[in-house]
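*Asks:* Mind looking over this structure? Questions follow.
The values are calculated or read from the model by the stated rules, or taken from the named source; none is laboratory data. Since we're looking at a predicted model, the values are computed, not measured. Every residue, glycine as well, gets a Cβ built from its backbone with ideal geometry; the counts of neighbours run over all protein chains shown. Surface accessibility is based on the protein's heavy atoms, side chains included, excluding ligands, DNA and RNA. Shrake-Rupley method; radii C 1.70, N 1.55, O 1.52, S 1.80 Å.
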Amino acid sequence: MRVRIEMELEDVPGQLVKALEPISKFGANIQNVVHQRERKTPLGRVPVTVIFDVDDRERLDRILKELRDSGARITLVGEREGMVKKVVLLVGHIVHTNVRDTIDRVNSLEGVRISDLSLAMGGAGEESAARIIILADNEGRAEAALRLLDEIAAEKKLLVIKEM
Amino acid sequence: MRLVLIGFGNLGRGLARALLDKGRALHSSYGLRTKVVAVVDEYGAAVDDGGVNLRRLLQIVEGGGQVPDYPGGKREKPAVEVIEEVEADVVFELTPTNIETGEPGLTHIQRAMRAGRHVITSNKGPLVVAFSELERLAEESEVEFRYSASVGGAIPVIDLAKNLLAGNEIRAIRGVLNGTTNYILTRMSKEGVPFDVVLREAQELGIAEKDPTLDVDGIDAACKVVILANAILGMDAKLADVKVTGIRNVTPEVTKLARETGYTVKLVGVAKPDLLEVAPKLVPLGHPLAVGGTLNAVTLEMDLAREISITGFGAGPRETASALIGDMISIHRSVGAR
Ligand SMILES: NC(=O)c1ccc[n+]([C@@H]2O[C@H](COP(=O)([O-])OP(=O)(O)OC[C@H]3O[C@@H](n4cnc5c(N)ncnc54)[C@H](OP(=O)(O)O)[C@@H]3O)[C@@H](O)[C@H]2O)c1
């Protein structure tokens, strides 16, 4: 899952490196770090936002505990961005049946985003194939996206191939 | 143990060969002496109370003859008469599958049970059409009924689930249950060859039937889902309960798109209490179900053992004889224990 945490660090050298250490130690993959020295808090602390991917809740809890133990003040833990990833293939007259509309309808669901689309075009008049990667906030939203894709596919006579 | 073989095609002959190979071992290892007292095909029967000479019968049939060409053979003697008249312990029902009526296998099995014979079959037809009726009839008639060979060929998935994993609540069964479609998908994915071309080659190699509909449209796999659901999950499912999608629309491009993200496309059968389905699915490369060629594979999901997967040859006379012989030994053991 992808996690976003916001914390406040003391404004002394080495604090940022110290804060990032437990995150990578537990195998999480850091995606982005924003260190906002210009937005110091009244107590002189520096807000930092870190976005990282971590395998499971248990590891996340261990990371958070270690961060708190080291003196970081965590102000926000969010798991909003693309926590659940689903790969789906579509086969049929994908372009002909308005692929833009297919994507827009899935994207219109709350907490769901199509992050990648790869098309393999068939010859003229032939069927094409597409691979879609869906990112959703949680399992429930991902399931809703897959159900909607099933509906769209039935309407547009496309074959949907999902993960087992 | 006196045996009757109904059907002497690929499997009937494969079983005959295995019995010839294993005769001694069956006796020394299990104290089981077998004697085939009758064999029947569509044209008639070979009956011999002293034991049909299987070597001789194989020679006749492989030389282009028919079962009733056996010395003293009875032309046009129907299977039902043999089943009822010839004193026997076990009837092997090995005739072609008919998924609409279950016949002729269904009648053969019913008559055999009523006549007090244990039954072993590889034939999906009767199991898909009348599973619970046959289980009930076997119980009423106090005979054993085994059908390991009907799903997964040599793979002992039903026994694995019912005996070795007894005590688990089995929550889902997923499997690659059709060797022909798996062969087609594997070649498409590895070599980028289009569906039609691979299908034609598979037909030339004898891997696919002349009429590939049952395999390619997922119906054969759906039959196996029905049997697994009934035998292992205790359901009373019929073929119409299975949501079936075949592989006709899968192209090499589809398998390529899958591969690029770490998946392979497999025709997967799923049996869960709330879902019976056969459809092409994305299986992660390296997953136990990502088997190649004509292999079959099944994964059981349970409460205690969590996941167990098993892989093997899903068809072939010698491979499937393993299941038929295994069923026979299992009956020998349970009857001996009574
Ligand atoms: N082959 C495999 O690897 C495999 C694996 C698992 C399950 N199975 C199933 O096992 C069964 C047998 O398969 P197979 O490959 O051996 O089929 P097969 O080669 O077609 O043999 C069928 C046999 O049944 C005979 N038969 C047909 N109608 C009959 C009737 N009314 N009375 C008596 N005999 C009759 C045929 O006789 P004639 O030759 O005289 O027509 C033939 O000897 C099928 O249901 C199949 O789906 C096969």
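*Asks:* Between B:Leu205 and A:Arg100, what's the calculated FRET efficiency when r is the beta-carbon distance and R0 is 51 Å? Round to 0.05. The partial results should precede the final answer.
*Replies:* Numbers: r = 44 Å, r/R0 = 0.86.
For B:Leu205 and A:Arg100, the calculated efficiency is 0.70.
*Asks:* Sticking with this one: Output the relative contact order of the range B:159-312, whole-number percent, from Cα pairs under 8 angstrom with separation of 6+ residues.
*Replies:* 34 percent
*Asks:* Nothing charged except the Cβ atoms of Lys and Arg (+1) and of Asp and Glu (-1): what's the magnitude of the dipole of the range A:1-159 about its Cα centre? Round to the nearest 20 debye.
*Replies:* Working: 25 positive and 27 negative charges, 76 e Å.
Approximately 360 debye in magnitude.
*Asks:* Roughly how many debye, to the nearest 20, is the charge dipole of the range B:88-211 about its Cα centre, given +1 on each Lys and Arg Cβ, -1 on each Asp and Glu Cβ, and no other charges? Intermediate results must be reported in sequence, preceding the final value.
*Replies:* On the way: 13 positive and 18 negative charges, 55 e Å.
Using only the charged Cβ atoms, the result is roughly 260 debye.
*Asks:* For n ≥ 4 DSSP H runs only, could you compute -39500 (n - 2.57) per run for the protein assembly as shown, divide by its residues and tell me the 222 nm figure to the nearest 500?
*Replies:* Details: 15 runs with 186 residues, N = 502.
Calculated at 222 nm, the ellipticity per residue is -11500 deg cm²/dmol.
*Asks:* Using the membrane-span-like helix rule (whole DSSP H runs, Cα extent along the own axis of at least 15 Å, mean Kyte-Doolittle hydropathy at least 1.6), which helices of chain B qualify?
*Replies:* On the way: long enough: B:10-30 (27 Å, -0.35); B:124-140 (21 Å, 0.06); B:179-191 (18 Å, -0.75); B:219-232 (19 Å, 1.75); B:317-337 (30 Å, 0.20).
Passing helices, by number: B:219-232.
*Asks:* Moving on to the next point. Pick from A:Arg73, A:Arg131, A:Arg57 the residue whose mean-square fluctuation is largest in a GNM of chain A, springs joining Cα atoms under 10 Å.
*Replies:* In the Gaussian network model the winner is A:Arg57.
*Asks:* Could you tell me the relative contact order of the range B:259-307? Use alpha-carbon pairs under 8 Å, at least six residues apart, and round to a whole percent. Provide the component values of the computation, followed by the final result.
*Replies:* Details: 50 pairs, mean separation 13.3, N = 49.
Over the range B:259-307, the number comes to 27 percent.
*Asks:* Which is farthest toward the positive dipole end of chain A among A:Thr75, A:Val87, A:Pro13, measuring Cα position about the Cα centre, with Cβ charges +1 (Lys, Arg) and -1 (Asp, Glu)?
*Replies:* The listed residue farthest towards the positive side: A:Pro13.
*Asks:* Any chance you could check the range A:135-164 for residues losing 30 Å² or more of accessible area when the partner protein chains are in, compared with the chain on its own (1.4 Å probe)?
*Replies:* A:Leu159, A:Ile161, A:Lys162, A:Glu163, A:Met164
*Asks:* Related question: Which of the aspartates and glutamates could be linked to A:Lys157 by a straight reach, that is with a Cα gap under 15 Å, when you skip same-chain ones fewer than 8 residues away?
*Replies:* The qualifying aspartates and glutamates are A:Asp101, A:Glu126, A:Glu127.
*Asks:* Kindly state, to the nearest 0.05, the FRET efficiency for A:Val17 paired with B:Thr311, given R0 = 45 Å and r defined as their beta-carbon distance. Display every interim value, and only then the final one.
*Replies:* Details: r = 48 Å, r/R0 = 1.08.
Here the calculated transfer efficiency is 0.40.
*Asks:* A further question follows. Would you mind computing, in nm to one decimal, how far apart the modelled labels at B:Val197 and A:Ile30 are, each placed 7 Å from Cα along Cα→Cβ?
*Replies:* 5.0 nm
*Asks:* How big is the shadow of the Cα convex hull of the range B:180-337, averaged over all directions, in nm²?
*Replies:* The directionally averaged projection comes out at 11.1 nm².
*Asks:* Next question, about the same structure. Please report, in debye to the nearest 20, how large the charge dipole of the protein assembly as shown is about its Cα centre when each Lys and Arg carries +1 at its beta carbon and each Asp and Glu carries -1 there. Each step should come with its number before you reach the end.
*Replies:* Numbers: 64 positive and 72 negative charges, 243 e Å.
Dipole of the protein assembly as shown, to the nearest 20 debye: 1160 debye.
*Asks:* What are the ³J(HN,Hα) values, in whole Hz, obtained from phi via the Karplus relation 6.51 cos²θ - 1.76 cosθ + 1.60 with θ = phi - 60°, for each residue of the range A:57-65 in sequence order, with x given for Gly and Pro?
*Replies:* Values per residue, Gly and Pro as x: 4, 4, 5, 4, 4, 5, 4, 4, 4 Hz.
*Asks:* What do the square roots of 5 times the Cα gyration tensor eigenvalues come to for the protein assembly as shown, in whole Å, largest first, as semi-axes of the equivalent ellipsoid?
*Replies:* Numbers: eigenvalues 665, 138, 66 Å².
Equivalent-ellipsoid dimensions as semi-axes: 58, 26, 18 Å.
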